[in-house]
Amino acid sequence: MRKIRLFIAASLDGYIARISGEVDWLFTDQNYGYDDFFAEVGTVLMGRKTYEQILEFGEYPYVGKQGFVFSKTRHGERDENVEFIGENLGEFVHHLRQSSGNDIWLVGGAEIIQYFIKHGFLDELILAIHPIILGDGIPLIVKDKNLETKLKFKEVKNYNSGLLQVFYDLSIQ
């Protein structure tokens with residue numbers, strides 16, 4: 001079965017982007033394991049807002065990977081990069097995990113991350129914690145009092161820049 005992995009960056013206070021969606025605070029001085037991670041991925045998943053934000057940054061960065069965007073309003077559509085899925089998400093994820101191929105990257109955003117955690121679809125979390133406090137922004141996870149989830153610590157990497165990359169296993173239920 002293919003693993004679903006969340007490889008994402010957040011500020012120390014838990015935001016993945018500014019309210020505007022900007023991520024200008026992210027370190028770009030090195031790739032922090034991104035290239036190795038990306039080589040292990042065959043499919044990318046994301047929410048519609050995340051997809052639209054990515055397109056505003058310029059070229060689509062996941063060329064060559066199978067891509068799906070979760071969107072109720074665009075269900076059944078396709079563009080040059082992705083296919084839009086808006087119905088039977090649980091069934092879709094189950095079939096995707098059973099299909100052949102490399103790992104699956106849950107790119108974001110907060111609402112789809114919450115959905116995947118709530119339904120037990122996420123296998124691994126790789127969180128790059130940047131040494132900055134934003135004070136406000138788009139949270140890593142939407143608040144949900146029923147979302148309590150135990151994580152199993154696997155590893156932490158620290159970098160001279162102050163970035164900490166923490167690896168957790170979620171497939172322990």
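The values are calculated or read from the model by the stated rules, or taken from the named source; none is laboratory data. This is a predicted model, so every value here is computed, not measured. Note that we place each Cβ from the backbone using ideal geometry, even for glycine, and neighbour counts take in every protein chain shown.
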query: Among the listed residues LYS143, LYS72, LYS157, which satisfies the condition of being farther than 21 Å from LEU26 by Cα and in contact (Cβ under 8 Å) with a residue 12 or more places away in the chain?
result: LYS72
message: For the condition under 18 Å from GLY14 (Cα atoms), among the acidic types (Asp, Glu) and touching a strand residue (DSSP E or B) at 6+ places or on another chain (Cβ under 7 Å), what is the one hit in GLU124, GLU148, GLU77, GLU83?
response: GLU124
message: Out of the strands (runs of 3 or more DSSP E) lying entirely within segment 29-107, which hold 3 or more residues that are buried (at least 17 other Cβ atoms within 10 Å of the Cβ)?
response: 41-47, 66-70
Matching residues in segment 120-139 - criterion: being at pLDDT 95 or above, in a loop (DSSP other than H, G, I, E, B) and not acidic (Asp, Glu): PHE121, LEU122, PRO131, ILE132, ILE133, LEU134, GLY135, GLY137
message: Need the failing condition index for ILE133 against (1) surrounded by fewer than 18 Cβ atoms within 10 Å (Cβ to Cβ); (2) farther than 20 Å from GLY47 by Cα; (3) without any contact (Cβ under 8 Å) to a residue 60 or more places away in the chain, just the number.
response: (3)
- request: Search segment 162-173 for residues being modelled with pLDDT under 95 and not β-branched (Val, Ile, Thr), and hand back the single one that is nearest to GLU22 (Cα to Cα).
  value: LEU170
